[in-house]
Every structure is written in C-alpha cells, then in structure tokens.
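Colleague: To start, I am sharing the structure in question, which I have written as structure tokens.
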Amino acid sequence: METSEKLAILADAAKYDASCASSGSGKTRAGSQIGTTEGMGICHSYTPDGRCISLLKILLTNYCIFDCRFCVNRISSDTPRARFTVDEVVKLTIEFYKRNYIEGLFLSSGIIQNPDYTMEQLVLVAKSLRQRERFGGYIHLKTIPGASQDLIDQAGMYADRLSVNIELPTDADLRQLAPEKDGSQIRSAMDGIKTKIQEIREDSRRGLAAPKFTPAGQSTQMIVGATPTPDEEILKTASQLYNTQKLRRVYYSAYSPIPHADAQLPGKSPPLVREHRLYQADWLLRFYGFEVNELVVADDRNLDLKIDPKFAWALANRHRFPIDVNKAPREELLRIPGIGARTVARILQIRKVRSLRITDIKKLRVAWNRAKAFVITSDYNPGVKLLESPDLRQALQPKPQQLMLFDTNQLTEF
Amino acid sequence: MLQFTILNFEDWRSVARDLRCREICPADVQFLAPDESGLFCNAASSVISPSLPSNPTAFRVPKDFLTLAEDVGYHRAPERWGLLYRVLWRLTNHEPRLLQVATDDDMHRLLMMEKAVRRDAHKMKAFVRFREIIQNGEKHYIAWHRPDHFVLRKIAPFFSRRFKAMNWAILTQDESVAWNQRELKYFQGVNRSEAPSSDDLEDLWRTYYANIFNPARVKIKAMKTEMPVRHWSTLPETTIIDQMLKDAPARVADMIARSEGFDQSARDYMPDPSQPLTLPRLSDSIRQCRACELHCHATQAVFGHGPVDARIVIVGEQPGDQEDIEGKPFVGPAGEVLDHALAEAGIDRSQVYVTNTVKHFKFDRNGNQRLHKKPNSREVRACLPWFEAEWAMLDANTLICLGATAATALISPGFRLQQQRGCWVESKYTPRTIATWHPSFILRLPTQTQREIRMAELIADLRKTVRSE
C-alpha cells in the first residue's frame, strides 16, 4: 500500500481525537537539530470543521484486537485498515515539519498483538525521532491501555506529553461499552505517570541532573453522549482528574457520527453544543474558582444548552449582583457573566490608577450585552435595572446563531 | 515642526531619547515612514544639534514600555512613531502609571497595534510554507509569505532556532531573510514569482488535510477567522477546501447510512419472545434474517444441527457451497473430514450439535464455481446472536471452535489459533472451551504429509474433549 493511501486511512481514523495542543513543553531539548518547543503551540492550519491542525495526528495502525463499542477501529468494524512502519511515520513527521506544516507528532494506535508490543512500536517512533533525527519538536504519545509501566516510563523520556484515555466518564459506562478496558488500570497508568513526573521534578529541585519526562504533562479524553451519564458526573470526574492526577487537560469529545456505529449506542449524537458547554464549565472549574455543584443546578443534572454556564449560574444567584467593578475583589469579578479572566486582571490594574466607566469597560474584551445587567460602574449604568426584571434571561440570551443551528441540525439527523 | 524619517525601532528610540531630553513636546515633532518623507527627509540623528544639552539618564521608563514600543514599531501604520512618542512624553510627565490604563485612548490604540503585530507574527510562524529545492546537491527550503506588518525581523530568529540544521529563506514583498545554518542575512523584498512554485510533498499534505477533516462538523466561519482568506494563496492545502465541502454531505450521508446498516444485528430477527424459545422456532426465524448483506446471495441460512441434549457443540466458520444448497452444516467435503476425525476420536456425530459462526454462505463467483470468502468482522458480529440463542437452548458443557473465525468470535478477539490450539480455555459460554483446526484448512494444505500432521492434531484435540469429561 502506498504511503498516501495509508495516510488517508490512518488520519481519517485519528480525526475523532479531540486533542491537538502542542504547548506547555518549555525549553527545546538540548542537542536538537530540527524542531523547537519554545513558546505556545502554533496552529498551522484549520480545516473546514473549524478545528486547528497543529500536529500530525495519526494512528500507527487502526488494526485493533479490542472491541470498544464507540470506537471506529474496534475489531468488529469493517472500516478499511492500514499499518504504518515506524520509519514511515518518522519520515512523514520530519518532512512535514521541515516545510513548517506541523508542530510535531501526535501518535496513537489500535492495539495489535498485545498492549506491550504496540506500546513498544510507539516508543520506537519517538526514540528514532529524538535520537536518530535529532528532532526537537513536539511529540504526544497516547499510551496503550494495559502496557507495562516500564514502557510508559520509556515513552515519557521521549515524549512531551503522554495521554491515557479515560474513554468514558464512569466505570459503569466503561463496562458497558468498552468491556476490555479497565477503569482501575487506566487510573493506575495515570498514577504511574504522575509519580514519575513528581520524582523527576523532585530530583531537579535537589539539583540533580534529571532527564526530561513529559514536560508538557499528561492529558486525557472522554467520549460524551455515548451513555446517558449526565454532565454533573462528567465534570466531577474531570475535576477529580485535575485535582488528584494533576492532569493538564481533559478533552471532551462529543460522540459523533462514526461510520459503522454500534447498535448498543444511542442512535442520535448529542449536539456539539453540549461539548462546548462542557469546555466552558471545565474552564470555570480551573480558572474561575467555581465548583461542580454550583455549575450544575438543573434537575436533570445537565448544563443548560442554551446559555453558557457562568450566565446560568448568575441567573440562579441574582442576589450576589450587581458587582462593583471598581471595588469588588478578584474572586467576585471573575463571576460576572461576559467578563473573562484576562479582563479581570486588566480591570484590577486600571482601577489602581483611575475608576472605570461604561466606556472603559466596553474598550476591554467584554461581552457588554451580557455583563451590563450585573455590574456597577463609576457612572450611571442603566443596564443594571434588568437585574430585577423577570425577563432577564430572554433579554440577555444570545440570539441563536446560524452556525450552532447548522451543527445541531446535522447531528440530530443522525 | 521637526521632521524625522524613522526606519526601525532602534532608530526611533535614539531620536525619541534625544527629543525627550530636550523637552520637545509631541505636537512639535512629525515622524515619517521612509517612503512618505519626500524632500524634507532628515537622516534620523542629523537634525539634532550637538550643542544642545542632552542627558540620556535623565528619565526612565518601565521595561514593559520598551517591549510594547518594539512590537508597535513592527506595525505598518505610519502614525505609530508619533503615537509612541506621545505616550513616552505622557509617561515621563506626571503619568507614570499610564501603561496600566488600557482604556486610555492612546494606550488603547497602542495595545490594538501591539495585538495586530503579535497576531501577524504568530500567523507568520504558522503559515510560512517552505518548498524544497535542490541546488548544487544541497537541499534548500524557500517560502514566500505576505505578512500584514513588518514582522519578518521579529520572527526570523525564531525560524533560525527551529530550523537550525536547514538552509532556508523566507521571501516577502518588503524584505527577505536567509539562514545558512550559521547566520541570518536580510535582503530586499521580492515578488512571489521568485519563489519555487511547487513541492512534491504538497499532495501528501493535502491528503492529510482532507482526511483529518470531520465532515460531520462544518464551521467555515471559524476556519476563516483563524485562517484568513488573504493567506490562502500561499497555503497549498486550501486548494482542496471547495472540493472537501462539496463532498462533505455525501461523506456524512455515507457515514450514517453505513452505521444504520450495522444497527441491524440478528437480535432484530429473533422469534417473538412472548412464547417459549425452541430450536425449531429459531431455525424458522433465521430464514427471515437480513442483519447483514450475506442473505442476498446465499441460497438459504444454514442453522445448526444436532440433538437438543447434546453435551458437545462444534462451531465452524460458515456453510460451504454444498451446505448452502442442502441447508445443513458440515455435509460437504469438510464435513467428511470432520466425520472421519470424530470417528477416530471416538465421538458419535449424532450426539453432537454442529453449527457455524456465520449462518450464510459468503462467496466469490468464478465462472460456475462459488469460492468460499472469509466473513468480515461485521458479519460475524451481526450473526452472533443466533449462536448465542442456540447455545442457550442446549444443555452442552463443551464448546469446540473449528478455525480462527469461530475462535476469535467466541473465545476472545486476541485468540491466536497457532499458539493456543488444543488448550482448554474459558470462554463466556463455558470453561470447557477448546479450539482446533478447521477441516477445510486441512483440505487446503498442499502436501499429503502436512495434511496428515494436521489431521492427527485435530483428532487428538477432539479426543481430549471426550477423555477429560
């Protein structure tokens, strides 16, 4: 099979992977001849689905001995199969990188023979890139469930980031749809990586020459909407992963029309809007001081699909508003709908020098139409009258956007 | 009115330092870009009279101002130098905290310019596309790029670190730069026609681009915001966007159609569950099964055969040519081999339940011949409920899988016949599960010796199942 045919199959098979980040790695590896990881990740291109291309995101092979019901590569699917050699992946990565198409490689794989064999192949790709090609760009390896800790440790020496996919939000979901995967095994793999990262950090703190080990940390991905598990459970799982496993990112992937989807799965995909709301809530948990139980208030334990979670929280907690942008502490400013963390930082700086009026707020990156009902400025803000209005939600709710509708329509057809 | 032609940030910095020391207020100075200075062109420093007092240490500015000013200096707007001087003036005259006031009009304009420059610089890092050429036996990588602002010098050092061991050049309409693995050399801007017009690898890149795209999500606006159309002409992948969008609805329809096909497994064709299930009712229902495509070409579904009180169940792969016509399992040449092996092993076939993993014959036609074709995993998966229903009807304790198809379907997907043949394994049906050669495999072996060896193994494996009971 020609490389281009393999690439078509193995890129297509990787397109459901949500992660594309290539940042957070810090200094480029010493001795690199081609490639850097300095600064933030770069998106080199965008596809018409609105997603960025930062890494060459492919599977080493989409042959797989597992039968996870949500996955297009499961053994019982009749999708076309292909397998790259280690050298093919190395060459593709280097040649794409040299033309500045990509930041590096995101390599995952179906499981062939057994988990250790598969993991060895992934490690071999990363090792060849680092040692033979002196490649200093970004490498993200997906660890294979069930691979030995020793191989995962090796992978961490060459990769910038490792990820262990949690796949589904709860163990019960996993038993139902991915019977061959084991929740406790997944968590212990994450633990292993976390411990290793901490050991290396400890060593370098004590002044020992510690080798690099996944400098961009670990991430995970879960499929959303393949089971009836509500957002509250999903966010609790995420929050726990951030706190105990010290993950850098949790990716949510809306279970999307996958060719040859299985009868056990819901015939309808959840709207992409749900995925979007989960990301917003995730952000609020990490950077805005919110707790899961504050964000999920509806009886069905799901986020509101029509409005963003911060706005939903504000509507349910009107008594905490209006907030005076010239006096309130940072934690309170962070809770104002339509105002982001960067704007809060700016407001705190500006108000040391002068007080803020409506025109000033509008010059910052603020969704004033939403924020206006919730803030007091140094001048008269007529918008705040809305706070008492029973129609507050209708008044401030964003008009349904063409694009959102398009997405949802496409997906509900399924 | 003093007029200055400013070439770059360093130039502006030295002029501004002098002007500020001599307390010349912003309203009395005009800064010009090189191409608009015309007749009144002053070389940057020549207008300052050396006789005037100048004290460079007389004022200080926050470090952040220098970073900001340097970035704003890369902006294309001619008024940037004057604006910078005005902010410098205010900063050093009673407004030392001006930088913090992002909402001040001057600051706001500077910050917007800074943002535009940073974005343009970032897009340059992203959208430069090198093309490989070979010159004097050496590889060179050349790109032509159209930045919005003068960001080449801001970004060139980044490229020299990233592509340290490559000879590369980035050409733009304003200025160009080349790296020879030792140093950066700047030279004049050139037209796009000076750059190489293709690279063989671009087709492969487009293949990747087309396939990483998920046609079920179309967000063109999001794409165009992040990848502005004005850059498209230098991005090789954008030539196929139209075609990708045209193909998208068909690709999605295809994804959905195929998944719906699979939604139908044999479960949907089971007999009415309100009445007790029996083998005859099952074998009656299977005639209606449309769970996969195989029913279209086969003569009939071939259900299992044997007494309901059988203790041993033997499962093959699928019916063959003769089985398909007669409607019974293992009645053709493979059946003869099986009969022989069972007899040798001391097993009475009439006491055994014999069936197949897939119940319809799958074949390729070659003239008048129908040649066996292995069922794919989807067909196996769709048909499995029939076997499970058969198993549930029987009171068997021993399961014998003939061949890899039955073994991987009934024992585990990772089962390897070559290594695990003839060993007892636990399946979800019974702890007494064993896999051995399929009789057809033995028939297809090229030499008599090979056939004899495998036959002996098959007999030995079968014998195991009676001996240990």
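Colleague: Looking only at the range B:266-274, decide whether some residue is surrounded by fewer than 16 Cβ atoms within 10 Å (Cβ to Cβ) and hydroxyl-bearing (Ser, Thr, Tyr).
Modeller: We begin by selecting, within the range B:266-274, every residue surrounded by fewer than 16 Cβ atoms within 10 Å (Cβ to Cβ); these are B:267-268, B:272-274.
Next cut, hydroxyl-bearing (Ser, Thr, Tyr) only: B:274.
Yes, the conditions are met somewhere in the range B:266-274.
Colleague: Right, next: Cβ-Cβ below 8 Å, separation at least six or inter-chain, first residue in the range A:343-361 and more than 8 Å from every other protein chain (Cβ to nearest Cβ), second outside any helix (DSSP H, G or I) and exposed (fewer than 15 other Cβ atoms within 10 Å of the Cβ): which pairs?
Modeller: So the pair list comes out as A:343/A:365; A:357/A:379; A:358/A:379.
Colleague: Is it true that residue A:190 is farther than 22 Å from residue A:302 by Cα and crowded, with 21+ Cβ neighbours inside 10 Å?
Modeller: Values: farther than 22 Å from residue A:302 by Cα: yes; crowded, with 21+ Cβ neighbours inside 10 Å: yes.
Here the answer is yes, as residue A:190 does meet what is asked.
Colleague: Report yes if residue A:47 is among the hydroxyl-bearing types (Ser, Thr, Tyr), out of contact with any Asp or Glu (no Cβ under 6 Å at 6 or more places or on another chain) and closer than 30 Å to residue B:265 by Cα, otherwise no.
Modeller: Numbers: among the hydroxyl-bearing types (Ser, Thr, Tyr): yes; out of contact with any Asp or Glu (no Cβ under 6 Å at 6 or more places or on another chain): yes; closer than 30 Å to residue B:265 by Cα: no.
Against the criterion (among the hydroxyl-bearing types (Ser, Thr, Tyr), out of contact with any Asp or Glu (no Cβ under 6 Å at 6 or more places or on another chain) and closer than 30 Å to residue B:265 by Cα), residue A:47 does not qualify.
Colleague: I'm trying to understand the selection: among the residues of the range A:120-140, which are more than 24 Å from the chain's Cα centre (by Cα), outside any helix (DSSP H, G or I) and crowded, with 18+ Cβ neighbours inside 10 Å?
Modeller: Within the range A:120-140, A:133, A:135 meet the criteria.
Colleague: State all residues of the range A:247-264 that are at pLDDT 90 or above and surrounded by fewer than 20 Cβ atoms within 10 Å (Cβ to Cβ); if no residue qualifies, say none.
Modeller: The one that is at pLDDT 90 or above and surrounded by fewer than 20 Cβ atoms within 10 Å (Cβ to Cβ): A:248.
Colleague: Which residue out of A:79, A:28, A:47 is farther than 22 Å from residue A:216 by Cα and touching a residue at least 12 places away in the same chain (Cβ under 8 Å)? So that I can check it myself, show each step before the final result.
Modeller: On the way: A:28 fails: farther than 22 Å from residue A:216 by Cα; A:47 fails: touching a residue at least 12 places away in the same chain (Cβ under 8 Å).
Going through A:79, A:28, A:47 in turn, the sole match is A:79.
Colleague: Quick one: which residue in A:117, A:97, A:101 is within 30 Å of residue A:34 (Cα to Cα), aromatic (Phe, Trp, Tyr) and assigned to a loop (DSSP other than H, G, I, E, B)?
Modeller: Details: A:117 fails: assigned to a loop (DSSP other than H, G, I, E, B); A:97 fails: assigned to a loop (DSSP other than H, G, I, E, B).
Of A:117, A:97, A:101, the one residue that is within 30 Å of residue A:34 (Cα to Cα), aromatic (Phe, Trp, Tyr) and assigned to a loop (DSSP other than H, G, I, E, B) is A:101.
Colleague: While we're on this one: If you go through the range B:156-177 one residue at a time, how many are part of a loop (DSSP other than H, G, I, E, B) and either β-branched (Val, Ile, Thr) or modelled with pLDDT of 95 or more (or both)? Let's see the steps before the verdict.
Modeller: Step one: of the range B:156-177, the residues part of a loop (DSSP other than H, G, I, E, B) are B:163-166, B:172-174.
The next check asks that each one be either β-branched (Val, Ile, Thr) or modelled with pLDDT of 95 or more (or both); those that pass are B:163-166, B:172.
Qualifying residue count, the range B:156-177: 5.
Colleague: So, one more: Filter the range A:50-72 down to the residues that are charged (D, E, K, R) and either in contact with a strand residue (DSSP E or B) (Cβ under 6 Å, 6 or more places away or on another chain) or touching a residue at least 60 places away in the same chain (Cβ under 8 Å) (or both), then identify the one that is nearest to residue B:227 (Cα to Cα).
Modeller: Per the stated criteria, the residue is A:57.
Yes or no, residue by residue, for (1) within 35 Å of the chain's Cα centre (by Cα); (2) under 28 Å from residue A:363 (Cβ atoms); (3) crowded, with 19+ Cβ neighbours inside 10 Å:
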position: B:105; (1), (2), (3): no, yes, no
position: B:132; (1), (2), (3): yes, no, no
position: B:138; (1), (2), (3): yes, no, no
position: B:148; (1), (2), (3): yes, yes, no
position: B:152; (1), (2), (3): yes, no, yes
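Colleague: Right, something else. If you take the residues in the range A:80-101 that are more than 10 Å from chain B (Cβ to nearest Cβ) and surrounded by 23 or more Cβ atoms within 10 Å (Cβ to Cβ), which one is nearest to residue B:404 (Cα to Cα)?
Modeller: So the residue we want is A:84.
Colleague: Let me ask something additional. Report yes if some residue within the range A:57-79 is within 30 Å of residue B:123 (Cα to Cα) and at the interface with another protein chain (Cβ under 7 Å from one of its Cβ atoms); otherwise report no.
Modeller: Within the range A:57-79, one or more residues are within 30 Å of residue B:123 (Cα to Cα) and at the interface with another protein chain (Cβ under 7 Å from one of its Cβ atoms).
Colleague: Residue by residue through the range A:357-377, note down the ones that are among the hydrophobic types (A, V, I, L, M, F, W, C) and either touching a strand residue (DSSP E or B) at 6+ places or on another chain (Cβ under 7 Å) or within 14 Å of residue B:108 (Cα to Cα) (or both).
Modeller: Of the residues in the range A:357-377, the ones among the hydrophobic types (A, V, I, L, M, F, W, C) are A:358, A:361, A:364, A:366-368, A:371, A:373-376.
If the condition is that a residue be among the hydrophobic types (A, V, I, L, M, F, W, C) and either touching a strand residue (DSSP E or B) at 6+ places or on another chain (Cβ under 7 Å) or within 14 Å of residue B:108 (Cα to Cα) (or both), then A:361, A:364, A:366, A:371, A:374, A:375, A:376 are the ones that fit.
Colleague: Does residue B:203 qualify as being of a type outside the set (S, T, N, Q) and under 30 Å from residue A:253 (Cβ atoms)?
Modeller: Working: of a type outside the set (S, T, N, Q): yes; under 30 Å from residue A:253 (Cβ atoms): yes.
Yes, satisfied.
Colleague: Limited to the range B:71-85, what total is found for residues that are surrounded by 16 or more Cβ atoms within 10 Å (Cβ to Cβ) and closer than 22 Å to residue B:24 by Cβ?
Modeller: Taking the range B:71-85 as the starting set, the residues that turn out to be surrounded by 16 or more Cβ atoms within 10 Å (Cβ to Cβ) are B:71-76, B:80-85.
Cutting the leftovers down to closer than 22 Å to residue B:24 by Cβ gives us B:72-73, B:80-85.
Residues meeting the conditions: 8.
Colleague: Let me ask something else. Among the residues that make up the range A:102-114, is at least one of them surrounded by 19 or more Cβ atoms within 10 Å (Cβ to Cβ), under 21 Å from residue A:148 (Cα atoms), at the interface with chain B (Cβ under 10 Å from one of its Cβ atoms) and in contact with a Ser or Thr (Cβ under 7 Å, 6 or more places away or on another chain)?
Modeller: Here is the first cut: in the range A:102-114, the residues surrounded by 19 or more Cβ atoms within 10 Å (Cβ to Cβ) are A:102-111.
After this cut, where a residue has to be under 21 Å from residue A:148 (Cα atoms) as well, the list is A:106-111.
Those left that are additionally at the interface with chain B (Cβ under 10 Å from one of its Cβ atoms): A:111.
Subset that is in contact with a Ser or Thr (Cβ under 7 Å, 6 or more places away or on another chain): A:111.
Scanning the range A:102-114, I find at least one residue that is surrounded by 19 or more Cβ atoms within 10 Å (Cβ to Cβ), under 21 Å from residue A:148 (Cα atoms), at the interface with chain B (Cβ under 10 Å from one of its Cβ atoms) and in contact with a Ser or Thr (Cβ under 7 Å, 6 or more places away or on another chain), so the answer is yes.
Colleague: Then there is this: Only one residue in B:437, B:391 is over 30 Å from residue B:290 (Cβ atoms) and aromatic (Phe, Trp, Tyr). Which one? Steps first, please.
Modeller: Details: B:391 fails: over 30 Å from residue B:290 (Cβ atoms).
Of B:437, B:391, the one residue that is over 30 Å from residue B:290 (Cβ atoms) and aromatic (Phe, Trp, Tyr) is B:437.
Colleague: Residue A:204 is checked against (1) surrounded by fewer than 20 Cβ atoms within 10 Å (Cβ to Cβ); (2) polar (S, T, N, Q); (3) touching a residue at least 12 places away in the same chain (Cβ under 8 Å) and fails just one. What number does that condition carry?
Modeller: Every condition holds for residue A:204 apart from (3).
Colleague: Let me ask something additional. Looking at the range A:5-26, is at least one residue over 20 Å from the mean Cα position of the chain (by Cα) and more than 9 Å from chain B (Cβ to nearest Cβ)? Spell out how you get there, then give the answer.
Modeller: As a first pass, look at the range A:5-26 and keep what is over 20 Å from the mean Cα position of the chain (by Cα): A:5-10.
Add one more test, that the residue is more than 9 Å from chain B (Cβ to nearest Cβ), and what stays is A:6.
Taking every residue of the range A:5-26 in turn, at least one turns out to be over 20 Å from the mean Cα position of the chain (by Cα) and more than 9 Å from chain B (Cβ to nearest Cβ).
Colleague: Okay, next question. Residues that are assigned to a strand (DSSP E or B) and crowded, with 20+ Cβ neighbours inside 10 Å: does the range A:30-46 have at least one?
Modeller: First pass over the range A:30-46, keeping only residues assigned to a strand (DSSP E or B): A:34, A:45-46.
If we keep only those that are crowded, with 20+ Cβ neighbours inside 10 Å as well, we get A:45-46.
Yes; the residues of the range A:30-46 include at least one that is assigned to a strand (DSSP E or B) and crowded, with 20+ Cβ neighbours inside 10 Å.
Colleague: Of all residues in the range A:296-312, how many are touching a residue at least 24 places away in the same chain (Cβ under 8 Å) and within 15 Å of residue A:338 (Cβ to Cβ)? Working first, answer last.
Modeller: Within the range A:296-312, the subset touching a residue at least 24 places away in the same chain (Cβ under 8 Å) is A:296, A:300-311.
Applying the additional criterion that residues be within 15 Å of residue A:338 (Cβ to Cβ) yields A:307-311.
Total meeting the criteria: 5.
Colleague: When you scan the range B:308-331, do you find a residue that is touching a Pro at 6+ places or on another chain (Cβ under 8 Å), of a type in the set (Asp, Glu), assigned to a loop (DSSP other than H, G, I, E, B) and under 23 Å from residue B:411 (Cα atoms), even just one?
Modeller: yes
Colleague: Please specify each residue of the range B:161-187 satisfying the condition of being surrounded by fewer than 19 Cβ atoms within 10 Å (Cβ to Cβ) and closer than 15 Å to residue B:121 by Cα.
Modeller: Within the range B:161-187, B:174, B:175 qualify.
Colleague: Being of a type in the set (A, V, I, L, M, F, W, C) and more than 20 Å from residue A:139 (Cβ to Cβ) is the filter; apply it to the range A:196-222 and report the residue that is modelled with the highest pLDDT. Can you show your working first?
Modeller: Residues of the range A:196-222 that are of a type in the set (A, V, I, L, M, F, W, C), as a first pass: A:197, A:200, A:208-210, A:213, A:216, A:222.
Within this subset, residues satisfying the condition of being more than 20 Å from residue A:139 (Cβ to Cβ) are A:208-209, A:222.
Numbers: A:208: 80, A:209: 78, A:222: 90.
Out of the qualifying residues, it is A:222.
Colleague: Report the residue count in the range B:398-425 for those that are in a loop (DSSP other than H, G, I, E, B) and within 20 Å of residue A:178 (Cα to Cα). Quick ask: steps written out before the conclusion?
Modeller: So the first thing to find is which residues in the range B:398-425 are in a loop (DSSP other than H, G, I, E, B), and the list is B:411-416, B:421-424.
Imposing the further condition that a residue be within 20 Å of residue A:178 (Cα to Cα) reduces the set to B:411-415.
Looking only at that region, the number is 5.
Colleague: Is it true that residue B:111 is surrounded by fewer than 22 Cβ atoms within 10 Å (Cβ to Cβ) and closer than 12 Å to residue B:26 by Cα?
Modeller: On the way: surrounded by fewer than 22 Cβ atoms within 10 Å (Cβ to Cβ): yes; closer than 12 Å to residue B:26 by Cα: no.
Considered against the rule, which asks whether it is surrounded by fewer than 22 Cβ atoms within 10 Å (Cβ to Cβ) and closer than 12 Å to residue B:26 by Cα, residue B:111 comes out as no.
Colleague: Please determine whether any residue of the range B:188-198 is under 28 Å from the mean Cα position of the chain (by Cα) and either within 14 Å of chain A (Cβ to nearest Cβ) or surrounded by fewer than 20 Cβ atoms within 10 Å (Cβ to Cβ) (or both).
Modeller: yes
Colleague: Moving on. What strands (runs of 3 or more DSSP E) lie completely within the range B:337-391 and have 2 or more residues being aliphatic (A, V, I, L, M)? It would help to see each step written out before you state the result.
Modeller: On the way: elements: B:352-356, B:363-366, B:369-372.
Here the list reads B:352-356.
The values are calculated or read from the model by the stated rules, or taken from the named source; none is laboratory data. Since we're looking at a predicted model, the values are computed, not measured. Because the Cβ atoms are built from the backbone with ideal geometry, glycine has one as well, and the counts that use them run over all protein chains shown.
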